[in-house]
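**Student:** Quick one: the structure is below, questions incoming.
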Amino acid sequence: MLKTDQTEALTQVSRPSRYLGGELGSIVKPDEGIDVRVALAFPDVYEVGMSHIGFPILYNILNSLDWVAAERVYSPWADMEQWLRDHQQSLCSLESSLPLNYFDIVGFTLQYELSYTNLLTMLDLGGIPRRRDQRDENAPLIVVGGPCAFNPEPLADFFDVALIGDGEEAVVELVELVRLSKQEGWNRKQFLQKLSACEGFYIPELFDVSYQKSGCIEQITPLRPGYDKVRRRFLNDLETAPFPARPIIPFMQTIHNRVAMEITRGCTRGCRFCQAGYIYRPVRERSPEKLRDLIAESLQNSGYEEISLLSLSTGDYTCIEPLLQQLMAEYVDAKVAVSLPSLRVGSLSPELMEEVKKVRKTGFTLAPEAGSERLRELINKGINAEDLLESTRNAFQLGWRLIKLYFMLGLPTETDADLQALIELATQVKKSGKGTSGNDVNVAVSTFVPKPHTPFQWEAQIGIDETVRKQRLLRDGLRQKKLRFKYHGAESSFLEGVFARGDRRLSAVLERAADLGCRFDGWRECFDFSLWQQAFSDCNIDPGWYLRQRDEDEILPWEHIDCGVPKKFFLSERHKAFAGVATFDCREGRCHGCDICDFEELRMRQITPEEIQAVNATAASENEEKVAEVEQLTRVRLKLSKLGRARMVGHLEYLKMFQRAVRRAKLPIRFSQGFHPMPKISYLEALPMGVSSEAELVDLELLSHVPVDQVINDINVQLPVGFKIVEGKIIPWKSPSPSAAVASSCYRVPLPGSLPEDLSERISSFLDADQILVSRSKKGIEKQVDIRPDVLELSQIGAELQIELIKGSPLQVAASVLGLEIEDIRRLGVRKTGIVLKT
């Protein structure tokens, strides 16, 4: 099998741990017996993609099949992309380093419209032709899914299949059909015809789209009898659905680096702007017992310090308070925090907030969405200012110092008076914290982007100039009130709006933008609107046309995608919005009539009253006073090696990795006191990136005695490949820290192929010098530093330099002696061979 070694790149790119692979929990299967290979592709960087909850679900479902190998690939950052192009290397999977074009299926998740150019870049780097009609029978099947797949038309020329809706069961059907196709020798056309008979799979080549002179769609014509619409795939029961309890533990800090537990799928609040509220219906809850089991297993397998309870509105979970009481009672001593990232005003109570803050006060974020009561009624938000202020008052009184508020600007019928109401509401939130320990308020405002499959899918989106004007109005008003203001760029919101409701003609623009160098358009530092303007101009397309208001009888680009909610319901909700009529949550007993449920298999699945009583009883028993254990404080010093690809794990990443390994080993680690309790573990000073080590020291403070051999064995089992504890001992409690205990460190530097002829003289000159000044840059400031006093020994031993340092970097010393750049030295394979302890 063709595998690619790109280790050389790791010393030449930023954040090399993005590309390491080998994380604990990742699955590498042997070649034998694999019938179908799937690359799960995320069109953004590793730290973003690793935070997406859908990825590990599909990864584990697919890898649970003996004959399927599912691997991961993420969009490389600009420096890695350039390295791949310069060295004519392919984009490869993390698990097996296989080129992308080696896989049977490449499946992209589409979370955000501004990631589309990254998808094209990944195809390019993977050696896969972009356009479907350019690929032959041997090319991978390109599949897309996720929320943006509910209008995938701007990408329709590039993918083969879109999976619409819940993927847990559908992906199994997909790989089974691919396996059968390979066994039967079907061509691509035959395979797609078979797949079109399966619910939830949209095949764009089986539809023809024609346009009127006005630019509007004239007709969407199905090319296969009976394949008129593609109905969304539904997972009927979340309780029995597979969910990964053995997460992949990244080396680097990802966006959401914690146990992410989906407690509910779907929302019936009916916010009229919210696509997720419609495309994920109906509400399906996991039972508290199931959640407790999954959380316990996930914490044990991860060592994470935080549990995040995920849903579109976590506070609406039927028995959220007793569930939280259970979790806090169980994990408060282990200093595991619980966060509820999607809290809703109206579902918050002081009791709920009291539970959340017991370990550490995780972020407190509320989303009023609109400043005025009138606009909140129009969007069917269902909250009032009094409820919001009561929630923020309680939060400040319970010790939160910062509250984040999320709003939108540019909502239908919005006036400047509504924006002034937003400023006033944020001001009142700040005042609600008066007299407490802190009352900071951050106001984040995004531009309203009409989304498909919502009651506002027909509305106009404001343009760039109007967005900027409204942002300035808010900025000036909030600044006067001493409130911090964050906002989305007007140009990026404009572009998001174009592609959110775009059609197939935009594929040419995407391709041109990718050719011009557009990448990571959702990243402010990478976004270049001028390139997009050129792409639209080159393709003779007016992007502003896509932001216009649609007629209610107009054929929309996603008309043939059935999310389960009929168009007539969206129209009814639109009319109710402008009439100021509310639609109440159907969990309260009044059916919306949205036609999602069949009330048999597909229906709302909530926790029953009997289950709630059982959870309350369990929570009460677990909150009884615990018996305190007698402490027997013990300090253990460990010696650890960091070899191979592990040398590319940065220092902060190494610290977090080791802390979590200790948690997984269930050692009785001691914690610090205060706002953010931290495990009492101390380390040596940071190794330079790319330097391996045979002699790192780590001290653990334990609450009770554990035999040293057990400590070593228990932690080694939990360490990723490349890290290993080689020895350990119990030391006196008052011993100096590892850094204070070390007198010097010894390093070996392999010499490059072309040695300076005067190397011996250079070494002597260095040692004889009173001062060796080198430049160091810290936070953009150049500083001259004398490295000579820290060098105790410098000599050539065979084909290596031997360096002994009191402190500092061996890279700087070797670079000075050899006359090379530090990055050149880093690539030589420097290693730390030992330490000398103070006597």
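The values are calculated or read from the model by the stated rules, or taken from the named source; none is laboratory data. Everything numeric in this text was worked out from a predicted model, so none of it was measured. Methodologically, a virtual Cβ is constructed for each residue, glycine included, from the backbone with ideal geometry; neighbour enumeration extends over all protein chains shown. SASA here: full protein model, heavy atoms, side chains in, ligands and nucleic acids out. Shrake-Rupley method; radii C 1.70, N 1.55, O 1.52, S 1.80 Å.
**Student:** For a quick check of your reading of the filter: which GluC sites (Glu not before Pro) in the range 709-778 sit in a DSSP loop and have no more than 12 other Cβ atoms within 10 Å? Walk me through the intermediate numbers first.
**Tutor:** Values: sites: Glu727, Glu757, Glu761; in loops: Glu757.
Within the range 709-778, the qualifying GluC sites (Glu not before Pro) (loop, at most 12 other Cβ atoms within 10 Å) are Glu757.
**Student:** To check you understand DSSP bridge types, tell me what percent of the beta bridges within the range 122-269 (both residues inside) are antiparallel, rounded to 5. Present the calculation step by step, with values, prior to reporting the outcome.
**Tutor:** Numbers: 7 of 10 bridges.
Roughly 70 percent of the DSSP beta bridges within the range 122-269 come out antiparallel.
**Student:** What full-extension length gain, to one decimal in nm, is calculated for Tyr211 and Lys567 as 0.36 nm per residue of separation minus the Cα-Cα distance?
**Tutor:** Details: separation 356, 0.36 × 356 = 128.16 nm, distance 2.10 nm.
Length gained between Tyr211 and Lys567: 126.1 nm.
**Student:** So, for the range 104-243, what is the accessible surface per residue at a probe of 1.4 Å, expressed in square angstrom?
**Tutor:** Values: 5280 Å² over 140 residues.
Accessible surface, normalised per residue, equals 38 Å².
**Student:** Taking a threshold of 26 Å on the Cα-Cα distance, which of the pairs Lys486/Lys778; Lys639/Lys734; Lys290/Lys404; Lys470/Lys567 fall above it?
**Tutor:** Values: Lys486/Lys778 28 Å; Lys639/Lys734 19 Å; Lys290/Lys404 31 Å; Lys470/Lys567 32 Å.
In this structure, Lys486/Lys778; Lys290/Lys404; Lys470/Lys567 lie more than 26 Å apart at Cα.
**Student:** In nm, what is the difference between 0.36 nm times the number of residues separating Thr413 and Glu351 and their Cα-Cα distance?
**Tutor:** Values: separation 62, 0.36 × 62 = 22.32 nm, distance 3.77 nm.
Fully extending the segment from Thr413 to Glu351 adds 18.5 nm.
**Student:** Then there's this: Take every DSSP beta bridge whose two residues both sit in the chain, then give the antiparallel share in percent to the nearest 5.
**Tutor:** About 55 percent, rounded to the nearest 5.
**Student:** If you don't mind, another one. Ignoring ligands, DNA and RNA, what percent of the 1.4 Å accessible area of the chain is carbon and sulfur? It would help to have the intermediate numbers written out before the result.
**Tutor:** Values: 17030 of 34910 Å².
That fraction is 49 percent.
**Student:** What accessible area per residue, rounded to a whole number of Å², is obtained for the range 411-478 using a probe radius of 1.4 Å?
**Tutor:** Numbers: 2370 Å² over 68 residues.
Heavy-atom accessible area per residue stands at 35 Å².
**Student:** Do any chymotrypsin sites (Phe, Trp or Tyr not before Pro) in the range 466-503 lie in a loop, going by DSSP, with at most 16 other beta-carbon atoms within 10 Å of their beta carbon, and if so which? Mind showing how you got there, number by number?
**Tutor:** Values: sites: Phe485, Tyr487, Phe494, Phe499; in loops: none.
Loop-located and lightly packed - none at all.
**Student:** Could you name the aspartates and glutamates in cross-link range of Lys182, using Cα to Cα under 12 Å and dropping any fewer than eight places away on the same chain?
**Tutor:** Within the straight-line cut-off, Lys182 pairs with Asp35, Asp104, Glu137.
**Student:** Further question: Which whole-Hz ³J(HN,Hα) couplings does the range 271-280 yield from phi under the Karplus relation 6.51 cos²θ - 1.76 cosθ + 1.60, θ = phi - 60°, glycine and proline marked x?
**Tutor:** 4, 6, 8, 8, 5, 4, x, 9, 7, 10
**Student:** Related question: Which part of the range 776-790 falls in the paramagnetic zone of Ser765, meaning amide N under 12 Å from the point 7 Å along Cα-to-beta-carbon?
**Tutor:** Answer for the range 776-790: none.
**Student:** Within the range 136-213, which trypsin sites (Lys or Arg not before Pro) sit in a loop by DSSP and count at most 14 neighbouring Cβ atoms inside 10 Å? Intermediate results must be reported in sequence, preceding the final value.
**Tutor:** Working: sites: Arg179, Lys182, Arg188, Lys189, Lys194, Lys213; in loops: Lys213.
Taking the range 136-213 and a limit of 14 other Cβ atoms within 10 Å, the loop trypsin sites (Lys or Arg not before Pro) found are Lys213.
**Student:** Treating cross-link reach as a plain straight distance, find the aspartates and glutamates whose alpha-carbon is under 19 Å from the alpha-carbon of Lys434, omitting any fewer than eight places away in the same chain.
**Tutor:** The qualifying aspartates and glutamates are Glu386, Asp387, Glu390, Glu424.
**Student:** Along the Cα-to-Cβ line of Ser737, 7 Å from the Cα, sits a label point; which residues in the range 642-672 have backbone N less than 18 Å from it?
**Tutor:** Backbone N within reach: 651-659, 670-672.
**Student:** For the range 388-432 and the range 650-687, what is the separation of their C-alpha centers, rounded to whole Å?
**Tutor:** Taking the Cα centre of each part, the range 388-432 and the range 650-687 sit 37 Å apart.
**Student:** Also, I was wondering about something else. With every protein chain kept in the model, how would you rank Cys526, Cys591 by accessible area, 1.4 Å probe, largest at the top?
**Tutor:** Details: Cys526 45, Cys591 95 Å².
Accessible-area ranking of Cys526, Cys591, largest first: Cys591, Cys526.
**Student:** Run the reach check for Lys381 against aspartates and glutamates, Cα to Cα strictly under 16 Å, same-chain hits fewer than 8 apart removed. What comes back?
**Tutor:** Asp316, Glu369, Glu373, Glu414, Asp418, Glu573, Asp585, Glu588
**Student:** Which value, in Å² rounded to 10, gives the accessible area of Glu377 with a 1.4 Å probe and all protein chains present?
**Tutor:** 110 Å²
**Student:** Take Ala334, project a point 7 Å from its Cα along the Cβ direction, then tell me which residues of the range 650-669 have their backbone nitrogen under 16 Å from it.
**Tutor:** Output list for this probe position: 659-669.
**Student:** Just by accessible area at a 1.4 angstrom probe, what is the order of Met408, Met122 from largest to smallest?
**Tutor:** Details: Met408 20, Met122 0 Å².
Ranked from most to least accessible, the order is Met408, Met122.
**Student:** Per DSSP H run of at least 4 residues, take -39500 (n - 2.57); add these up for the chain, divide by its residues and hand me the 222 nm value, nearest 500 deg cm²/dmol. If you can, show how the numbers build up before the last one.
**Tutor:** Numbers: 26 runs with 262 residues, N = 839.
Calculated mean residue ellipticity at 222 nm is -9000 deg cm²/dmol.
**Student:** How large is the accessible surface of Trp545 in square angstrom, using a 1.4 angstrom probe and rounding to the nearest 10?
**Tutor:** 70 Å²
**Student:** Just to verify a number: FRET efficiency for Ile730 and Phe675, C-beta to C-beta distance, R0 = 45 Å, to 0.05?
**Tutor:** Details: r = 31 Å, r/R0 = 0.69.
Computed FRET efficiency for Ile730 and Phe675 comes out at 0.90.
**Student:** For the chain, what relative contact order do you get, as a whole percent, if you take Cα pairs closer than 8 Å and at least 6 residues apart? Walk me through the numbers on the way to the answer.
**Tutor:** On the way: 1568 pairs, mean separation 96.6, N = 839.
Relative CO of the chain lands at 12 percent.
**Student:** Which of the three applies to the chain, rounded, prolate or oblate, going by the alpha-carbon gyration tensor with a ≥ b ≥ c and a/c under 1.5 meaning rounded?
**Tutor:** Working: a/c = 1.67, a/b = 1.35, b/c = 1.23.
Judged from the Cα gyration tensor, the chain comes out prolate (a/c at least 1.5, a/b above b/c).
**Student:** Excluding Ile34 itself, what net charge comes from residues whose Cβ is under 10 Å from its Cβ, given Lys and Arg +1 and Asp and Glu -1?
**Tutor:** Details: positive: Lys29, Arg37; negative: Asp31, Glu32, Asp35, Asp66, Asp104.
With Lys, Arg at +1 and Asp, Glu at -1, the neighbours total -3.
**Student:** Taking the Cα centre of the chain as origin, sum charge times position over the Cβ atoms of Lys and Arg (+1) and Asp and Glu (-1), and report the length of that vector in debye to the nearest 20. Working shown, then result.
**Tutor:** Working: 103 positive and 118 negative charges, 404 e Å.
In total the dipole reaches around 1940 debye.
**Student:** Hey, with R₀ at 45 Å, roughly what FRET efficiency would Phe599 and Glu466 work out to, going by the Cβ-Cβ distance, to 0.05? List each step's numbers first, then the result.
**Tutor:** Values: r = 45 Å, r/R0 = 0.99.
Step by step, r from the Cβ atoms, then E = 0.50.
**Student:** Which whole-Hz ³J(HN,Hα) couplings does the range 650-662 yield from phi under the Karplus relation 6.51 cos²θ - 1.76 cosθ + 1.60, θ = phi - 60°, glycine and proline marked x?
**Tutor:** So the J values, rounded to whole Hz, are x, 4, 5, 5, 4, 4, 5, 4, 6, 4, 6, 5, 5.
**Student:** Accessible area per residue for the range 653-756 in Å², computed with a 1.4 Å probe and the full protein assembly in place, what is it? Don't jump to the answer; show the numbers that get you there.
**Tutor:** Details: 4440 Å² over 104 residues.
Each residue of the range 653-756 exposes 43 Å² on average to a 1.4 Å probe.
**Student:** For the full complex of protein chains and a 1.4 angstrom probe, list Asp503, Asp31, Asp66, Asp237 by accessible area with the highest value first. Present the calculation step by step, with values, prior to reporting the outcome.
**Tutor:** Values: Asp503 5, Asp31 65, Asp66 130, Asp237 40 Å².
Reading off the accessible areas and sorting them downward yields Asp66, Asp31, Asp237, Asp503.
**Student:** Take the alpha carbon atoms of the range 703-771, find their center, do the same for the range 774-838, and report the distance between the two centers in whole angstrom.
**Tutor:** Answer, in whole Å: 14.
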